[in-house]
Structure formats: structure tokens, C-alpha cells
Amino acid sequence: MDNLEKVFNEIVETYSERLYWHVRRFTCSHEDTDDLLQDIFIKIWKALPSFRGEAQLYTWVFRIATNETLNFLRKEKVRSLLRFQNADAEIERKIDSDPYFNGTQAERALSKEIAKLPEKQRIVFIMRYYDDMPYEDISQVLDTSVGSLKASYHIAQQKIREALKKLDISF
């Protein structure tokens with residue numbers, strides 16, 4: 001096994017579970033997440049020879065995963081429009097029908113409200129709230145300022161809190 005394979009295997013071993021949950025929070029589907037993870041790891045494998053260590057490996061891997069996930073979601077949105085379906089309703093259906101979801105009704109409601117957020121707010125919220133990423137790391141992954149991220153997170157948090165309050169669920 002050459003050095004590149006060794007590094008790739010370490011990446012897969014180290015990040016598989018974290019990436020699974022990171023992607024899953026966007027797709028709300030086990031099957032879509034599994035498919036996407038394969039695509040993400042193929043992309044990482046192909047890009048690995050050009051990784052020069054200018055960014056942390058962690059943020060580089062998450063940037064690839066996040067971009068692949070967002071591309072997938074954009075394609076899904078277009079597919080929904082072509083089928084004359086509401087993309088938000090489709091996400092809610094996935095959340096409600098997911099046999100692997102084992103959360104409470106409050107967690108299900110939170111997932112639905114997160115899915116309704118605009119793309120940037122949703123990304124920042126998931127990375128900060130669920131992945132517990134520092135703003136500085138999110139800034140590197142998304143190539144945006146920390147101040148902008150803090151504002152997006154705050155707005156997302158307010159929207160979610162207000163929506164859950166209407167449902168009589170505290171956040």
C-alpha cells in the first residue's frame with residue numbers, strides 16, 4: 001500500500017461517521033447520504049494528490065463534503081420542480097418517513113424547521129449546532145467571514161426559535 005492509499009484510508013476511518021451525520025442533516029435520508037458519501041470519498045481520493053496542506057485536512061474534507069451535498073440538494077430541488085413538487089414538502093416527507101430517524105417529535109420538528117432555512121443559514125446552523133464547529137473552521141470551509149457566519153447563525157437560531165415556539169416546543 002502506498003502512502004496516498006494510507007492517507008486516504010486514515011481519512012475514511014477518521015471522518016466517515018462525522019461526515020455521515022453532517023451530510024445526513026442536510027439530506028434527511030439514509031440512502032441519499034450513503035450515495036453521497038461514496039461520491040464524496042471518490043472526490044477526496046481524486047483530489048488528495050493535489051492537497052498541499054494549506055488548509056487543515058479537517059476543513060478541506062468538510063469543504064468537499066459540504067459542496068458535494070449542496071450540489072446534490074440543488075439538483076434535488078430542480079428535480080422536484082420538474083415533477084411539480086414542493087421541495088420543502090419533499091424534505092418534510094423524507095423526515096416523516098425516514099425509518100432510521102429515532103428522535104423525538106421535538107427533534108423531528110427541529111429538523112423540519114432547519115430544512116426550511118435559506119441555504120447559507122442552514123449550512124451555518126448545522127455546522128455550528130450539530131457539528132460543533134468553531135466559527136473559524138466554518139469560515140475556512142465556506143470561505144466567508146466569521147462575522148457573516150455569526151450573523152447567519154443568529155438569524156437562523158431566531159427563525160427556528162420562533163417557529164418552534166408557535167408549535168409550543170422550546171429550543
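The values are calculated or read from the model by the stated rules, or taken from the named source; none is laboratory data. It should be emphasised that the depicted structure is a prediction, and the values quoted were computed from it without experimental measurement. With ideal geometry, Cβ positions are generated from the backbone for all residues, glycine too; neighbour counts draw on all protein chains shown. Areas reflect the complete protein model, heavy atoms only, side chains present, ligands, DNA and RNA absent. Shrake-Rupley method; radii C 1.70, N 1.55, O 1.52, S 1.80 Å.
General remarks:
- Sorting the segments 149-158, 42-51 by their residues' average number of neighbouring beta-carbon atoms within 10 angstrom, most packed first, yields 149-158, 42-51.
- For q = 0.14, 0.19, 0.20 Å⁻¹, Debye-computed log10 I/I(0) when each Cα of the chain counts as one equal scatterer: -0.79, -1.33, -1.42
- Per atom type, the chain shows carbon and sulfur on 50% of its accessible surface, probed at 1.4 Å.
- Net length gained if the chain between residue 54 and residue 9 were fully extended (0.36 nm per residue, minus Cα distance): 14.1 nm
- Taking all protein chains into account, the per residue accessible area for the chain stands at 59 Å² (1.4 Å probe).
- J(HN,Hα) series, the range 54-71, from Karplus relation 6.51 cos²θ - 1.76 cosθ + 1.60, nearest Hz, glycine and proline x: 5, 10, 5, 4, 4, 6, 5, 4, 5, 5, 4, 4, 5, 5, 4, 5, 5, 4
- Each residue of the range 122-132 is assigned a 3J(HN,Hα), and the resulting list reads 5, 4, 4, 4, 5, 5, 7, 6, 8, 7, 6 Hz, derived from the Karplus form 6.51 cos²θ - 1.76 cosθ + 1.60 (θ = phi - 60°), x at Gly and Pro.
- Spacing of the modelled spin labels on residue 150 and residue 21, each 7 Å from Cα toward Cβ, amounts to 2.6 nm.
- Among the listed pairs 94/150; 77/112; 43/75, those beyond 27 Å (Cα-Cα): 94/150
- The relative contact order of the chain, computed from alpha carbon pairs under 8 Å that lie at least 6 residues apart in sequence, is 21 percent.
- Peptides 109-122, 4-17 ranked from most to least packed give 109-122, 4-17, packing being the mean of other C-beta atoms within 10 angstrom over each peptide's residues.
- ³J(HN,Hα), Karplus 6.51/-1.76/1.60, whole Hz, each residue of the range 136-153, x for Gly, Pro: 4, 5, 4, 4, 5, 5, 9, 6, 9, 6, 4, x, 4, 5, 4, 5, 4, 5
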